[in-house]
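Asks: I am attaching a structure below and will ask some questions about it afterwards.
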Ligand code: ARG
């Protein structure tokens with residue numbers, strides 16, 4: 001990574017010039033304005049206090065020292081004490097060369113080796129149709145998993161399916177009340193749909209008649225106590241709901257999950273926790289029989305472990321989950337991709353886990369995200385069951401993408417497949433281009449636009465670059481041997497062509513900026529993981545695409561007469577398209593070769 005190379009150089013220079021100062025973490029960032037170089041650092045400002053020296057003087061001394069390196073054409077000290085680094089073209093050429101030689105490795109690292117990250121997302125609930133409210137968790141969680149894997153982490157995903165809890169009382173009451181016997185039959189037409197209706201209908205009844213709520217609670221208590229009839233029905237409900245979950249995950253193109261540990265899995269692990277909490281005096285039994293942990297003086301209210309009717313709580317199951325995950329996976333981090341409305345729950349959870357001395361409590365974190373809104377207003381509820389179904393949203397995305405593609409490229413051969421990639425990619429990218437904590441409003445025209453910071457724009461840029469490569473190679477004398485459009489053949493031809501005589505090539509600012517942006521790919525992944533938000537990577541890819549576009553609009557690549565220069569341009573096109581494809585992959589988005 002270039003950034004860490006610079007950090008190291010600064011550290012060495014500081015150590016050489018001021019041997020008595022403690023090593024401090026050196027921050028190197030990318031300046032907003034191109035005139036300020038490729039990277040800059042505020043290290044002199046940070047040092048001025050400890051050294052009791054004017055920051056500008058330190059910056060000057062450092063810049064002199066660092067200017068020795070062939071890595072830079074210039075290291076300038078600017079007021080009030082910043083250092084600006086201008087990377088030498090020769091260094092950029094070398095980096096490009098290494099990308100071309102080993103494109104698969106670019107953006108990969110082993111920094112996470114030996115570390116297990118548990119990422120929990122796409123937590124569907126039994127008998128509730130996956131809907132648009134679930135989409136952010138799936139998209140963000142899947143991208144994080146991909147990014148972690150690319151850095152050598154052992155990333156484990158779990159869905160923590162909502163298959164336990166009082167809502168099963170509602171389901172069971174409704175199911176029995178309807179005289180349903182679906183679970184005894186072999187196949188029914190749309191069992192999931194029926195189940196969903198039962199749930200909605202019973203919920204409505206309960207609203208009218210509070211007594212029914214008590215009866216529903218009793219049904220869950222019976223289930224929890226092992227009532228055979230309730231168990232049998234429950235097993236069936238879980239089974240047909242899991243089918244839906246798999247279908248949805250598949251349709252979204254998520255990486256396979258490592259675990260689907262439903263909340264019910266923790267059933268037999270909860271009693272011990274309650275006993276120990278009582279014994280340690282962390283929890284207490286209150287008058288109505290409930291077991292609670294009093295967090296009121298920490299501003300976190302009462303955390304309920306056991307309800308007054310004896311039923312376990314969501315919180316208690318989550319406590320058992322931390323214990324199990326730590327034991328099973330010995331995680332380094334345990335991340336929950338869950339919407340912001342549950343932040344109070346997770347604060348309680350982590351605090352109680354800490355009070356109970358759980359191993360892994362401090363490594364557990366809520367990776368919260370904001371609401372997805374529709375333009376008509378109103379957040380999409382995850383509980384009411386009235387949200388737009390995921391299936392409907394995905395269908396609409398694909399249909400709309402198909403319409404755009406039919407208009408832009410009517411002759412496209414595999415239009416159906418491409419529409420699928422573009423529709424789904426647009427949806428995912430729209431989400432991931434925002435900081436996960438922001439609320440986002442879904443507007444189809446913006447989501448699917450081919451202009452601006454959108455998925456289709458990135459996909460389109462990638463396809464344009466690929467088409468340049470295809471053209472270059474089909475004009476090439478060796479093209480008969482090369483299978484048209486295949487990455488390997490393009491790559492092989494390029495490798496043979498790209499000479500290391502690049503030092504004679506003079507780059508214009510646009511070409512230099514593109515190359516300097518290209519080499520920041522690993523840094524964008526690192527920065528995204530540092531805040532557990534893929535938007536950093538998305539923003540980087542957008543910048544790369546903008547500069548890539550700028551490049552091929554201003555540089556006549558295929559008609560370049562100087563053969564050496566042309567090969568360099570093609571190498572750049574190859575590298576940029578490779579990074580776009582790989583970057584999109586890390587966001588869970590496919591990049592079609594043509595569109
Ligand atoms: N199924 C839950 C819900 O719909 C979300 C689960 C979040 N994960 C957790 N470990 N609590 O509210």
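The values are calculated or read from the model by the stated rules, or taken from the named source; none is laboratory data. All figures in this text were calculated on a predicted structure; none of them were measured in a lab. Heads up, the Cβs are rebuilt from the backbone with ideal geometry, glycines too, and the neighbour counts pull from every protein chain shown.
Asks: Can you tell me which residues in the stretch 327-357 are surrounded by 18 or more Cβ atoms within 10 Å (Cβ to Cβ), more than 9 Å from the ligand (Cβ to nearest atom), within 29 Å of residue 370 (Cβ to Cβ) and in contact (Cβ under 8 Å) with a residue 24 or more places away in the chain?
Replies: 329, 331, 333, 334, 335, 348, 352, 353
Asks: To continue, here is another question. If a residue must be within 30 Å of residue 111 (Cα to Cα) and without any contact (Cβ under 8 Å) to a residue 60 or more places away in the chain, how many such residues does the stretch 155-206 contain? Talk me through it step by step, then tell me what you get.
Replies: At the first step, the residues of the stretch 155-206 found to be within 30 Å of residue 111 (Cα to Cα) are 155-160.
Imposing the further condition that a residue be without any contact (Cβ under 8 Å) to a residue 60 or more places away in the chain reduces the set to 155.
Total satisfying the criteria: 1.
Asks: I'd like to verify a number: residues in the stretch 3-47 that are touching a strand residue (DSSP E or B) at 6+ places or on another chain (Cβ under 7 Å), free of Cβ contacts under 8 Å to residues at least 60 places away in the same chain and assigned to a loop (DSSP other than H, G, I, E, B), how many? Break it down into steps so the answer makes sense when it comes.
Replies: Here is the first cut: in the stretch 3-47, the ones touching a strand residue (DSSP E or B) at 6+ places or on another chain (Cβ under 7 Å) are 3, 6-7, 10, 26-31, 36-44.
Add one more test, that the residue is free of Cβ contacts under 8 Å to residues at least 60 places away in the same chain, and what stays is 7, 26-29, 31, 36-37, 39-44.
Then drop every residue that is not assigned to a loop (DSSP other than H, G, I, E, B), which leaves 26-27, 31, 37, 42.
Result for the stretch 3-47: 5.
Asks: Of the residues that make up the stretch 454-471, is at least one at pLDDT 95 or above, farther than 24 Å from residue 142 by Cα and in contact with a strand residue (DSSP E or B) (Cβ under 7 Å, 6 or more places away or on another chain)?
Replies: No, that holds for no residue.
Asks: Could you go through the stretch 113-134 and let me know if any residue there is within 35 Å of the chain's Cα centre (by Cα), under 24 Å from residue 3 (Cβ atoms) and without any contact (Cβ under 8 Å) to a residue 60 or more places away in the chain. Steps first, please.
Replies: Applying the first criterion (within 35 Å of the chain's Cα centre (by Cα)) to the stretch 113-134 yields 113-134.
Next, only the ones that are under 24 Å from residue 3 (Cβ atoms) stay: 113-115, 117.
Filter once more, so that each one left must be without any contact (Cβ under 8 Å) to a residue 60 or more places away in the chain: 113-114.
Taking every residue of the stretch 113-134 in turn, at least one turns out to be within 35 Å of the chain's Cα centre (by Cα), under 24 Å from residue 3 (Cβ atoms) and without any contact (Cβ under 8 Å) to a residue 60 or more places away in the chain.
Every residue, every condition in (1) touching a helix residue (DSSP H, G or I) at 6+ places or on another chain (Cβ under 6 Å); (2) within 26 Å of residue 338 (Cα to Cα); (3) surrounded by fewer than 17 Cβ atoms within 10 Å (Cβ to Cβ), yes or no:
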{"position": "167", "(1), (2), (3)": "no, yes, no"}
{"position": "175", "(1), (2), (3)": "yes, no, no"}
{"position": "211", "(1), (2), (3)": "no, no, yes"}
{"position": "214", "(1), (2), (3)": "no, no, yes"}
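Asks: Could you please find all residues in the stretch 302-318 being within 16 Å of the ligand (Cβ to nearest atom) and within 14 Å of residue 168 (Cβ to Cβ)?
Replies: Kept after step one, since they are within 16 Å of the ligand (Cβ to nearest atom), are these residues of the stretch 302-318: 303-305, 312-318.
Hits for the stretch 302-318 are 312, 313, 314, 317.
Asks: Can you tell me how many residues in the stretch 360-386 are at pLDDT 75 or above and either within 12 Å of the ligand (Cβ to nearest atom) or under 17 Å from the mean Cα position of the chain (by Cα) (or both)?
Replies: Total satisfying the criteria: 9.
Asks: To continue, here is another question. Those residues that are more than 25 Å from residue 331 (Cβ to Cβ) and within 14 Å of the ligand (Cβ to nearest atom), I need them from the stretch 133-169; list them, please. Spell out how you get there, then give the answer.
Replies: Restricting attention to the stretch 133-169, the residues satisfying the condition of being more than 25 Å from residue 331 (Cβ to Cβ) are 133, 135, 166-169.
Those that are more than 25 Å from residue 331 (Cβ to Cβ) and within 14 Å of the ligand (Cβ to nearest atom): 133, 135, 166, 167, 168.
Asks: Another question, if that's okay. Tell me, please, whether a residue that is over 30 Å from residue 391 (Cα atoms) and either away from the ligand (no atom under 13 Å from the Cβ) or surrounded by 14 or more Cβ atoms within 10 Å (Cβ to Cβ) (or both) can be found in the stretch 244-266. Walk me through how you get there before you give the answer.
Replies: Going through the stretch 244-266, the residues over 30 Å from residue 391 (Cα atoms) turn out to be 266.
Of the ones still in play, those that are also either away from the ligand (no atom under 13 Å from the Cβ) or surrounded by 14 or more Cβ atoms within 10 Å (Cβ to Cβ) (or both) are 266.
Yes, the conditions are met somewhere in the stretch 244-266.
Asks: Of everything in the stretch 401-436, what is in a loop (DSSP other than H, G, I, E, B) and either at pLDDT below 95 or over 18 Å from the mean Cα position of the chain (by Cα) (or both)? Give them in sequence order. Reasoning before the result, please.
Replies: Of the stretch 401-436, the ones in a loop (DSSP other than H, G, I, E, B) are 409-414, 433-436.
409, 410, 411, 412, 413, 414, listed by residue number.
Asks: Step by step: first the residues of the stretch 218-250, then only those that are at pLDDT 95 or above and under 30 Å from residue 589 (Cβ atoms), then the one that is nearest to the chain's Cα centre (by Cα). Which residue is that?
Replies: 249
Let's see how each residue does on (1) surrounded by fewer than 17 Cβ atoms within 10 Å (Cβ to Cβ); (2) out of contact with any helix residue (DSSP H, G or I) (no Cβ under 7 Å at 6 or more places or on another chain); (3) at pLDDT below 95; (4) under 22 Å from residue 71 (Cβ atoms):
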position	(1), (2), (3), (4)
9	no, no, no, yes
26	no, no, yes, yes
29	yes, yes, no, yes
43	no, no, no, yes
48	no, no, yes, no
55	no, no, no, no
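Asks: Looking at (1) modelled with pLDDT of 95 or more; (2) surrounded by fewer than 15 Cβ atoms within 10 Å (Cβ to Cβ), which one does residue 277 not meet, given that it meets all the others?
Replies: Condition not satisfied by residue 277: (2).
Asks: Restricting attention to the stretch 223-237, which residues are part of a helix (DSSP H, G or I), touching a helix residue (DSSP H, G or I) at 6+ places or on another chain (Cβ under 9 Å) and surrounded by fewer than 17 Cβ atoms within 10 Å (Cβ to Cβ)? Show your work before the answer.
Replies: First pass over the stretch 223-237, keeping only residues part of a helix (DSSP H, G or I): 223-224, 228-237.
If we keep only those that are touching a helix residue (DSSP H, G or I) at 6+ places or on another chain (Cβ under 9 Å) too, we end up with 223-224, 229-237.
Matches in the stretch 223-237: 229, 231, 232, 235.
Asks: Another one. Taking the conditions exactly as written (farther than 18 Å from residue 131 by Cα and crowded, with 19+ Cβ neighbours inside 10 Å), does residue 418 satisfy them or not?
Replies: On the way: farther than 18 Å from residue 131 by Cα: yes; crowded, with 19+ Cβ neighbours inside 10 Å: yes.
When the stated conditions are applied, residue 418 passes them.
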